[in-house]
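To start, the structure itself, in structure tokens.
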Amino acid sequence: MLALIPARGGSKGLPGKNIRLFAGKPLIVYSIEAAKLAPSVSQVICSTDSHEIAAIAKEYGAEVPFMRPPELAQDHSLAIDNYIYTVDRLMNEKHTEIKELVVLLPTAPLRNANHVEEAIALFKAKNADSVVSYYPAPHPVQWHKYIDDNGILRSFFPETTLANRQDEKQAYLPNGAIYIFKYELLKIKRAYYSDCSYPYIMPARASVDIDTADDFAYAEYLLHSQDS
């Protein structure tokens with residue numbers, strides 16, 4: 001299976017995030033290594049508009065067959081458009097058919113090869129249209145509120161009798177670590193989910209999605225705590 005690692009150069013929240021040193025290695029390297037160590041992954045492609053990112057990706061064993069066009073690397077650019085562009089161009093230039101792919105965002109460094117392999121196994125066992133990684137939400141979704149224009153707390157859901165936490169149905173959140181798609185789901189339906197989509201459940205401590213400096217520090221702490 002093709003593994004695609006999208007890593008644009010621009011990052012407003014944490015500049016240079018994708019190649020910032022994380023426990024001694026550029027952040028993107030952890031995703032490259034996870035992909036290369038997963039037995040079901042046959043090719044690792046990095047999609048980037050940054051020559052610096054491209055050089056690091058190549059150094060650690062990923063392929064960068066072409067650079068991402070600027071119009072697909074803006075803050076408002078849709079990720080799905082880049083996935084479709086990359087796969088279409090690979091198929092046209094390599095004269096090969098790509099029916100499925102796994103997308104590994106570089107901002108999830110605690111996701112490892114075992115997670116990738118297990119998610120791919122689930123995808124194949126279910127003949128799924130997609131598999132997306134999730135983790136157990138720390139609180140019931142019914143607890144969430146919003147604040148209206150008058151500063152008053154309001155419920156997202158109809159008010160119900162409060163239950164003990166252990167009696168609430170477990171909710172799950174996407175962690176941004178693993179996305180596996182049948183290509184036709186992206187290309188034809190322009191969607192990530194269908195009625196044949198399944199979750200791959202990961203532990204919370206492997207599910208940190210780095211967006212801020214605090215996320216970065218917390219993920220490093222978790223990585224070091226695993227080694228101690």
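Do we have residue 59 as in contact with a Phe, Trp or Tyr (Cβ under 7 Å, 6 or more places away or on another chain), modelled with pLDDT of 95 or more and over 15 Å from residue 6 (Cβ atoms) here? When the stated conditions are applied, residue 59 does not pass them.
Residue pairs whose Cβ atoms lie under 6 Å apart, sitting 6 or more positions apart in sequence or on different chains, and linking a residue in the stretch 137-152 that is of a type in the set (Lys, Arg) to a partner that is surrounded by 14 or more Cβ atoms within 10 Å (Cβ to Cβ), do not occur here. Kindly indicate whether residue 131 is in a helix (DSSP H, G or I), surrounded by 14 or more Cβ atoms within 10 Å (Cβ to Cβ) and in contact with a helix residue (DSSP H, G or I) (Cβ under 6 Å, 6 or more places away or on another chain). Considered against the rule, which asks whether it is in a helix (DSSP H, G or I), surrounded by 14 or more Cβ atoms within 10 Å (Cβ to Cβ) and in contact with a helix residue (DSSP H, G or I) (Cβ under 6 Å, 6 or more places away or on another chain), residue 131 comes out as no. Counting only helices (runs of 4 or more DSSP H) that fall entirely inside the stretch 1-108 and contain at least 1 residues that are closer than 21 Å to residue 210 by Cβ, free of Cβ contacts under 8 Å to residues at least 40 places away in the same chain and out of contact with any Cys (no Cβ under 8 Å at 6 or more places or on another chain), the qualifying elements are 27-37, 51-59. Taken as a whole, the structure places residue 177 among residues that are among the aliphatic types (A, V, I, L, M), crowded, with 18+ Cβ neighbours inside 10 Å and either at pLDDT 95 or above or under 19 Å from the mean Cα position of the chain (by Cα) (or both).
Table: residues versus (1) closer than 26 Å to residue 135 by Cα; (2) among the acidic types (Asp, Glu).
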site: 66; (1), (2): no, no
site: 70; (1), (2): no, no
site: 76; (1), (2): no, no
site: 79; (1), (2): yes, no
site: 84; (1), (2): no, no
site: 91; (1), (2): no, no
site: 100; (1), (2): yes, yes
site: 105; (1), (2): yes, no
site: 111; (1), (2): yes, no
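The values are calculated or read from the model by the stated rules, or taken from the named source; none is laboratory data. Note that the structure is predicted; figures quoted are calculated from it, not measured. So basically every Cβ, Gly included, is an ideal-geometry build from the backbone, and we count neighbours across all protein chains shown.
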